[in-house]
Amino acid sequence: MLCNINDTVRRLDLRSIIHRLESIRYSQAGTQVTLMHSFRFRSLGLKTIGVLLMTATLSTQAQSQKVVIAHRGASGYLPEHTLQAKAMAFAMGADYIEQDVVMTKDDHLIVLHDITLDRTTDVAERFPDRVRDDGRYYAIDFTLAEVRQLRASEGFDIENGEKTQGYANRFPIGESSFSVPTLSEEIELIQGMNKSTGKNVGIYPEIKGPEFHREAGKDISTAVVKMLKSYGYTSKQDKIFLQTFSFEELKIIHDEILPAQGVDLNLVQLIGDDSSYPWMFEADGMDKLSAFADGVGPEKGLVVSRDSQKANIQVSDFVTRAHAAGMQVHPYTYRLDPGQVPDYADSYEDLLEIHYFRANIDGVFTDFPDRAVEFLRNR
Ligand code: G3P
Ligand code: CA
């Protein structure tokens, strides 16, 4: 194992160790060491770092702490990104709860997956004349007061004039009453539950459509970072990951926005496929990315090939390369609705076993956080 530590340390630039180490994690099997986060070791020497690494080696508590991220809340059970779905995820034991964030016309931050409102609210019925030429209703065209008039629901498509749920077995459209929360309301909910339960559940906000917002004259990332700062999220020790699909935005956040606000947060680069940023898949791609990111959130097919079969599970080198660069890996999205568990897995739990322990990922974004929490607890 010490050889693995030394190999890993050698692969990392010393300056990056001094500036970026925060914690040392071991895979469950104890075969690989992952160095991650930022750790302010500026005043410490190499000898001290070595001692810390040795200490970690001997620790029986050094097993990887695999995490569960509630994707849009407990969205398999309640409408995505509603406060009810977030409270349920909290009660289910998720380690982190995700917020997708977009901006309103009057610059309020709301928790919404799409930059449009029409898939998950009744906006088309309440504000029919506010549709754009493309047939969509953009959140950025509505004030917060208007957004508050909308009823949120499970996601749907319109087919033959009828709303059809994206996931037929989930919470029924039109039942009960849900709304679109602001980011501040959601943070206060989670922090309030942390206080009342003594837990420390993290948040995992994603900047949605950063370029779209910039084109509209809105710097959504600065607004989000300012809000996070106001709620006490200021350092890499705080339980938060800030995520985006846009590397250009990630770089702006890392190089400009965080320093300007005097904070230093864990950043995650989301990766949908290998076409958006081909350089990330080159030999030194993860090392380059790790200068800006503490973690990566790949589509799960990048970790275990969708072409896998039960007798031939094809684990890519994605996790190994990301870990070697000092980054955590949190793939998305793990669901157990009909057709959502790939054929190479026998069940949702088998899928988790393959990804958490054969592919050695560090966490999952899942719509069913209870099942992932239970899986890890029982393993
Ligand atoms: O942010 C991780 C995952 O949520 C990315 O996919 O489209 O659900 O935001 P999406
Ligand atoms: Ca997301």
(request) Answer yes or no: is there a residue in the range 164-173 that is under 20 Å from His71 (Cα atoms), in contact with an Asp or Glu (Cβ under 7 Å, 6 or more places away or on another chain), among the β-branched types (Val, Ile, Thr) and part of a loop (DSSP other than H, G, I, E, B). (result) yes
(request) Restricting attention to the range 236-263, report how many residues are more than 17 Å from Ser290 (Cα to Cα) and within 16 Å of ligand 1 (Cβ to nearest atom). (result) 1
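Restricting attention to the range 248-275, which residues are closer than 14 Å to Pro298 by Cα and touching a helix residue (DSSP H, G or I) at 6+ places or on another chain (Cβ under 8 Å)? Full working, then the answer.
Of the residues in the range 248-275, the ones closer than 14 Å to Pro298 by Cα are 267-275.
If the condition is that a residue be closer than 14 Å to Pro298 by Cα and touching a helix residue (DSSP H, G or I) at 6+ places or on another chain (Cβ under 8 Å), then Leu267, Gln269, Ile271, Asp273, Asp274 are the ones that fit.
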(request) Could you check, for the range 217-230, whether at least one of its residues is aliphatic (A, V, I, L, M), surrounded by fewer than 22 Cβ atoms within 10 Å (Cβ to Cβ), closer than 13 Å to Met103 by Cβ and away from ligand 1 (no atom under 16 Å from the Cβ)? (result) yes
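Considering only helices (runs of 4 or more DSSP H) fully contained in the range 223-296, which possess at least 1 residues that are in contact with an Asp or Glu (Cβ under 7 Å, 6 or more places away or on another chain)? Give the steps one after another, and end with the answer.
Values: elements: 247-252, 258-261, 285-289.
Those helices (runs of 4 or more DSSP H) span 258-261.
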(message) What's the number of the only condition in (1) surrounded by fewer than 16 Cβ atoms within 10 Å (Cβ to Cβ); (2) touching a Leu at 6+ places or on another chain (Cβ under 7 Å) that Val111 fails to meet?
(response) (1)
(request) Spot the failing condition for Arg42; the list is (1) at pLDDT below 50; (2) within 16 Å of ligand 2 (Cβ to nearest atom), and only one is missed. (result) (2)
(request) Output yes when any residue across the range 367-374 is under 30 Å from Glu282 (Cβ atoms) and either within 16 Å of ligand 1 (Cβ to nearest atom) or in contact with a helix residue (DSSP H, G or I) (Cβ under 7 Å, 6 or more places away or on another chain) (or both), and no when none is. (result) no
(message) Filter the range 271-296 down to the residues that are surrounded by 15 or more Cβ atoms within 10 Å (Cβ to Cβ) and within 16 Å of ligand 2 (Cβ to nearest atom) and list them by number.
(response) Ile271, Ala293, Gly295, Val296
(request) Can you confirm whether the range 127-141 contains a residue that is closer than 23 Å to Tyr332 by Cα and in contact with a Phe, Trp or Tyr (Cβ under 9 Å, 6 or more places away or on another chain)? (result) no
(message) Suppose we filter the range 312-357 for residues that are closer than 23 Å to Gln65 by Cα and not aliphatic (A, V, I, L, M); how many remain?
(response) 22
(request) Give the residue that is surrounded by the fewest Cβ atoms within 10 Å (Cβ to Cβ), with candidates limited to residues of the range 297-336 that are in a helix (DSSP H, G or I) and within 16 Å of ligand 1 (Cβ to nearest atom). (result) Gly301
(request) Residues being assigned to a loop (DSSP other than H, G, I, E, B) and away from ligand 2 (no atom under 16 Å from the Cβ): count how many of those fall in the range 344-367. (result) 8
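Does Thr104 satisfy the condition of being modelled with pLDDT of 95 or more, polar (S, T, N, Q), in the same structural domain as Phe212 (by TED's automatic domain parsing) and within 30 Å of Lys226 (Cβ to Cβ)? Break it down into steps so the answer makes sense when it comes.
Numbers: modelled with pLDDT of 95 or more: yes; polar (S, T, N, Q): yes; in the same structural domain as Phe212 (by TED's automatic domain parsing): yes; within 30 Å of Lys226 (Cβ to Cβ): yes.
Considered against the rule, which asks whether it is modelled with pLDDT of 95 or more, polar (S, T, N, Q), in the same structural domain as Phe212 (by TED's automatic domain parsing) and within 30 Å of Lys226 (Cβ to Cβ), Thr104 comes out as yes.
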(request) Test Asp367 against the stated conditions and say whether it is farther than 25 Å from Ala74 by Cβ and charged (D, E, K, R). (result) no
(message) For Gln340, only one of the following conditions fails: (1) farther than 19 Å from Ala89 by Cβ; (2) within 16 Å of ligand 1 (Cβ to nearest atom); (3) surrounded by fewer than 19 Cβ atoms within 10 Å (Cβ to Cβ). What is its number?
(response) (1)
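Hey, which of the helices (runs of 4 or more DSSP H) in the range 64-150, taking only ones fully inside, have at least 2 residues that are within 16 Å of ligand 1 (Cβ to nearest atom) and touching a Ser or Thr at 6+ places or on another chain (Cβ under 9 Å)? Show your work before the answer.
On the way: elements: 83-92, 123-126, 144-147.
Hits in the range 64-150: 83-92.
The values are calculated or read from the model by the stated rules, or taken from the named source; none is laboratory data. Because the structure is a prediction, the values reported are computed rather than measured. With ideal geometry, Cβ positions are generated from the backbone for all residues, glycine too; neighbour counts draw on all protein chains shown.
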